[in-house]
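Student: Following this message is one structure expressed as structure tokens.
The values are calculated or read from the model by the stated rules, or taken from the named source; none is laboratory data. Please read these numbers as outputs of a predicted model, since none were measured by experiment. Just so you know, the surface numbers come from the protein's heavy atoms only, side chains and all, with ligands and any DNA or RNA stripped out. Shrake-Rupley method; radii C 1.70, N 1.55, O 1.52, S 1.80 Å.
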Amino acid sequence: MNPDLTQIAAAPIERLTYSVEESAFALGVSKPTIYRLLTRRLLRPVPGLRHKRIPCQQVRRLAAGEVLHGPN
């Protein structure tokens, strides 16, 4: 096996997205609240996926009080 691939396989992979349920848990809100935030475009899911996946960075920003701007 290629030694570079062995190192990659052994390294932990950073999580990039959360599900709606995981986002709700992380923010301490309900799933309907997450859907409202998505509707208001305060959170934006990764496009093109069957299930909604929300970038972890957006969840962290919202928790820190930073707000993404709505539709423009």
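Student: When the solvent-accessible surface of protein heavy atoms is calculated with a 1.4 angstrom probe, in what order do Thr33, Thr39 fall, highest first?
Tutor: Thr39, Thr33
Student: Work out from phi, with θ = phi - 60° and the Karplus expression 6.51 cos²θ - 1.76 cosθ + 1.60, the ³J(HN,Hα) of each residue of the stretch 37-51, listed in order in whole Hz, and give x for Gly and Pro.
Tutor: Result, rounded to whole Hz: 5, 5, 4, 7, 6, 7, 10, 10, x, 5, x, x, 9, 5, 9.
Student: Related question: Pull up all non-local amide H partners of Thr17: gap of 5 or more, or a different chain, and H-to-H distance under 5 Å with H placed in the peptide plane.
Tutor: Cys56
Student: Apply the Karplus parameterisation 6.51 cos²θ - 1.76 cosθ + 1.60, with θ equal to phi minus 60°, to every residue of the stretch 20-28 and state each ³J(HN,Hα) to the nearest whole Hz, in sequence, with x for glycine and proline.
Tutor: Calculated HN-Hα couplings, in order: 4, 5, 5, 5, 4, 4, 4, 8, x Hz.
Student: Heavy atoms only, probe 1.4 angstrom, no DNA, RNA or ligands counted: give me Leu27, Leu38, Leu43, Leu49 ranked by accessible area, highest first.
Tutor: From most exposed to least exposed: Leu49, Leu27, Leu38, Leu43.
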